[in-house]
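Here's the structure we're looking at; comments come further down.
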Amino acid sequence: MRFSKLATIIYAARFLSAAFSYKTAHIKEGSKGFICHGDLFSEANYGDDKIRALKVLKHCHNTPFDVEMLQDIFVSEKPENFMMYDNSDAKGHYLFLLPSLTKVYPKNSYDLRHEYHLLLDDSGRTCALMLWKIKITPKGKSSEEPTYEICSVHS
């Protein structure tokens, strides 16, 4: 009986440590960076878009990104590196498109659009950078659900 309780506790502890292994503590905003496909992104790359996002965050009613969905996305990536700045004190996280980083790559029968999205917490701190890959048909419509990638934290 005691062994099974101990085994359950150890199993739960391993799951929880894996579930939160993608997070690192917030650092100074200007020092934050992310790596996606070998490219380094910093506030210098997305600063103007972030200023617009902060205005929207301050003056509009935004729907927070679903916490469970957010955790599922991060955990499913099986991260070897940190992927999110987080102090576990945020009441909500919000996703904002970074239009200045959007790129379109022509393929044979479709275009592949890369959209970068900045994840901010309710205090306006940068938490993560996500890449959405969207297939666009010749008629300009999305042909399927986008795929998501989380950029690694650069420290």
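Some notes on this structure:
- Label-point gap, in nm, between I51 and Y148 - each point 7 angstrom along Cα→Cβ: 2.9 nm
- Computed FRET value (nearest 0.05) for M69 with N108, which takes r as the C-beta separation and R₀ as 41 Å: 0.80
- Percent of Cα-Cα distances greater than 18 Å, calculated over the chain: 63 percent
- Using only side-chain charges placed at the Cβ, +1 for Lys and Arg and -1 for Asp and Glu, the dipole size of the range 2-154 relative to its Cα centre rounds to 100 debye.
- Rounded to 10°, Cα long-axis angle of helix 2-19 versus longest principal axis of the chain: 20 degrees
- Projecting the Cα atoms of H59, M84, V104 onto the dipole axis of the range 58-111, where Lys and Arg carry +1 and Asp and Glu carry -1 at the beta carbon, places V104 farthest toward the positive end.
- Relative to the longest principal axis of the Cα atoms of the chain, the long axis of helix 67-76 lies at roughly 90 degrees.
- Put in line by how crowded their Cβ is, counting other Cβ atoms within 10 Å and starting with the fewest, T137, T63, T126 read T63, T137, T126.
- Ranking of I150, I134, I27 by count of other Cβ atoms within 10 Å, fewest first: I27, I134, I150
- Rounded to the nearest 10 degrees, the inclination of helix 43-59 to the longest alpha-carbon principal axis of the chain is 80 degrees.
- Stretching S21 away from H59 to a fully extended chain increases their span by 10.4 nm, per 0.36 nm per residue minus the current alpha-carbon distance.
- Of the chymotrypsin sites (Phe, Trp or Tyr not before Pro) in the range 25-121, not one is in a loop by DSSP (not H, G, I, E or B) with at most 11 other beta carbons within 10 Å.
- Residues L131, L112 arranged by fewest to most Cβ contacts within 10 Å: L112, L131
- Separation of the alpha carbons by more than 22 angstrom is noted, of K28/K50; K32/K107; K107/K133, for K32/K107.
Since every read-out is calculated from the coordinates, none of them should be taken as a lab result. Since we're looking at a predicted model, the values are computed, not measured. Cβ atoms come from the backbone with ideal geometry, glycine included; neighbour counts cover every protein chain shown.
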